[in-house]
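The values are calculated or read from the model by the stated rules, or taken from the named source; none is laboratory data. All figures in this text were calculated on a predicted structure; none of them were measured in a lab. No Cβ is skipped: glycine too gets one built from the backbone with ideal geometry, and neighbour counts run over all protein chains shown. Side chains included, ligands, DNA and RNA excluded: accessible areas come from the protein's heavy atoms. Shrake-Rupley method; radii C 1.70, N 1.55, O 1.52, S 1.80 Å.
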Amino acid sequence: METPEEILNGLSQELRRGTIVMCVLAQLAEPRYGYSLVQRLTEAGMPTEAGTLYPLLRRLEKQGLLASQWETDGAKPRKYYAITPQGTEVYRKLLKQWKEMAETIERITGGEEQ
Amino acid sequence: MTTREMIERYIYDVARRLPSEQREDISKELAGLIDDMLEERAGNGKTEQENTEDVLKEMGAPYALAGKYRGDKKYLIGPEYFEQYWFVLKIVLIAVTVGMVIAAVVQGVAWVLETPGMTQAMIFGNMASGVGMAVANVIMGLVQGFAWVTIIFAIIERCSLKVNIKEAVSEAWKPQDLKDKPVPTEKAILKKGDSIAGIVFTVAVIILFNLLPFLMGFWIAGPDGVVHSIPIFNLETLKTVLPLLNACFALGILREALRVAAGRHTVWLGAATTVLNLVAMILSCMVFFNPAIWNMEIINQAAAINPEFFTVGLDQLNMFFGYFTRYFGCILIFAFVLDSATSLYKGIRYGRA
């Protein structure tokens, strides 16, 4: 049997999985490389493991929401990711839906805060 | 192992699990990432060795990281196919068990009849070893059946893209589709149990024809009390036509499987049944109308073992057996036609709203 704690963990992980894409897209209006994104997300209170983020970036690139480019000018070569017009479109709609959902949930739960 | 080597090995261990065209790119990216992570930790009081280990630990086992990159399916058979998988598995396992048990019992009986002059101790001893063998065979059969069904469904699962494309090409489901699918009346429903019994029986017959054909025949005790079996078929010829017979049985199993899948009489099912039956009928006619398949000497051979066995004249019996072999195919034709006609009639009668 799962303990209530384990159940809660699973549920909140599912919630996070859906929202992390939104967070990533939000940060990539200008090109960033993977680890700087990890740091930014962590600072912003959305700690994400590199082992999760890096594969995610590649997936989003494959889906056409991100584009990438190797920068070899600096001290070490880095792969920079930036949002594509298609990605921006998806991000905008996703964000709108998220806000609506947040409002709806707020209404349904009656704004209870405990 | 230096820290540099450790990192190299880690990256290699991830990359080797990835498609070759992505290896170089991901390796470079991971090298950069590890470098950044180490840089951030530099001057935190730990040794380089410790920091490297921490970083690699944080990134996780190479196989796990590679799995995330590949976006692997983390299951063998997903929810889409699980229900069908479970259903087929049950049928296969039941059929294997029943088939094996029947085969074991038949073999045991054959052995008792063929071995003269047994003591009670021998019978018990052999029965015990026979039961042991049967249990072992059933377990082996179950394992094999499980493995094959699982492998086939795992392959279907991996190819699900192709299957789904088919679905995408055909129209999406819409409530209007229900127009042609009325809730079947009691009479229109095909009972799963009947079909499963049919499949199990067919499997038993397959085993009988393929492995124990000598059991089909006369069992006659000679004057000395020893029981002999005289096969009704010419075993040599039977061996050569086995592929035809097995095709016939396979068609029968397919027919029952279709019935289970449909779950009810429909015109379509009736038509499919008729086509399958027609092919099976042609095949079985080719087998059983061939005089060479029968052991025409059966009566004489029986008489040679125990002349007193027959009270009627041998000529008469030979004639009777001749008729039997000539018209046996007709019985099969009758059965096939009856089944097809019933299926078609019920399909048309109950298959519509």
Test for A:THR19: is it of a type in the set (Ser, Thr, Tyr) and either open to solvent by less than 90 Å² (accessible area, probe 1.4 Å) or touching a Lys or Arg at 6+ places or on another chain (Cβ under 8 Å) (or both): yes
Among (1) modelled with pLDDT under 90; (2) more than 27 Å from the chain's Cα centre (by Cα), the one test that B:CYS330 misses: (1)
Qualifying residue in the stretch B:317-332 (condition: outside any helix (DSSP H, G or I) and either in contact (Cβ under 8 Å) with a residue 40 or more places away in the chain or acidic (Asp, Glu) (or both)): no
Checking B:ALA261 against (1) open to solvent by 40 Å² or more (accessible area, probe 1.4 Å); (2) closer than 21 Å to B:LEU208 by Cα, the condition it does not meet: (2)
Flag if A:GLU100 is at pLDDT 90 or above, within 14 Å of chain B (Cβ to nearest Cβ), assigned to a helix (DSSP H, G or I) and open to solvent by 40 Å² or more (accessible area, probe 1.4 Å): no
Test: residue in the stretch A:18-30 that is more than 10 Å from chain B (Cβ to nearest Cβ) and acidic (Asp, Glu): yes
Identity of the residue in the stretch B:123-143, open to solvent by 80 Å² or more (accessible area, probe 1.4 Å) and modelled with pLDDT under 80, that ends up farthest from B:GLY193 (Cα to Cα): B:PHE124
Count - residues of the stretch A:41-57 that are part of a helix (DSSP H, G or I), within 9 Å of another protein chain (Cβ to nearest Cβ) and open to solvent by 40 Å² or more (accessible area, probe 1.4 Å): 1
Any hit, the stretch B:279-289, residues being assigned to a helix (DSSP H, G or I), of a type outside the set (Lys, Arg), touching a Ser or Thr at 6+ places or on another chain (Cβ under 7 Å) and buried (at least 17 other Cβ atoms within 10 Å of the Cβ): no
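Would you say B:VAL226 is within 30 Å of B:ASN137 (Cα to Cα) and in contact with a Pro (Cβ under 6 Å, 6 or more places away or on another chain)?
The answer is yes for B:VAL226.
Could you tell me whether A:LEU65 is more than 10 Å from chain B (Cβ to nearest Cβ), under 18 Å from B:ASP35 (Cα atoms) and buried (at least 19 other Cβ atoms within 10 Å of the Cβ)? Don't jump to the end; show me each part of the working.
On the way: more than 10 Å from chain B (Cβ to nearest Cβ): yes; under 18 Å from B:ASP35 (Cα atoms): no; buried (at least 19 other Cβ atoms within 10 Å of the Cβ): yes.
No, not satisfied.
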Residue satisfying all of: in the stretch B:194-220; within 17 Å of the chain's Cα centre (by Cα) and small (Gly, Ala, Ser); surrounded by the fewest Cβ atoms within 10 Å (Cβ to Cβ) among these: B:ALA197
Condition broken by B:PRO231, with the remaining ones in (1) in contact (Cβ under 8 Å) with a residue 40 or more places away in the chain; (2) farther than 28 Å from B:PHE289 by Cα satisfied: (2)
When residues of the stretch A:53-83 are limited to those that are modelled with pLDDT of 90 or more and of a type in the set (S, T, N, Q), the one nearest to A:GLN27 (Cα to Cα): A:SER68
Condition met for A:LEU60 (in a helix (DSSP H, G or I), within 14 Å of chain B (Cβ to nearest Cβ) and aliphatic (A, V, I, L, M)): yes
Where B:ASN277 falls short, out of the listed (1) modelled with pLDDT of 90 or more; (2) in contact with a Leu (Cβ under 6 Å, 6 or more places away or on another chain): (2)
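Could you check the stretch A:70-92 and list, in sequence order, the residues that are within 12 Å of another protein chain (Cβ to nearest Cβ) and either touching a residue at least 24 places away in the same chain (Cβ under 8 Å) or among the acidic types (Asp, Glu) (or both)?
If we filter the stretch A:70-92 for residues that are within 12 Å of another protein chain (Cβ to nearest Cβ), which is where we start, we get A:70-72, A:74-81.
Those that are within 12 Å of another protein chain (Cβ to nearest Cβ) and either touching a residue at least 24 places away in the same chain (Cβ under 8 Å) or among the acidic types (Asp, Glu) (or both): A:GLU71, A:ARG78, A:LYS79, A:TYR80, A:TYR81.
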Checklist (1) within 19 Å of B:GLY32 (Cα to Cα); (2) modelled with pLDDT under 90 applied to A:MET46, failing item: (1)
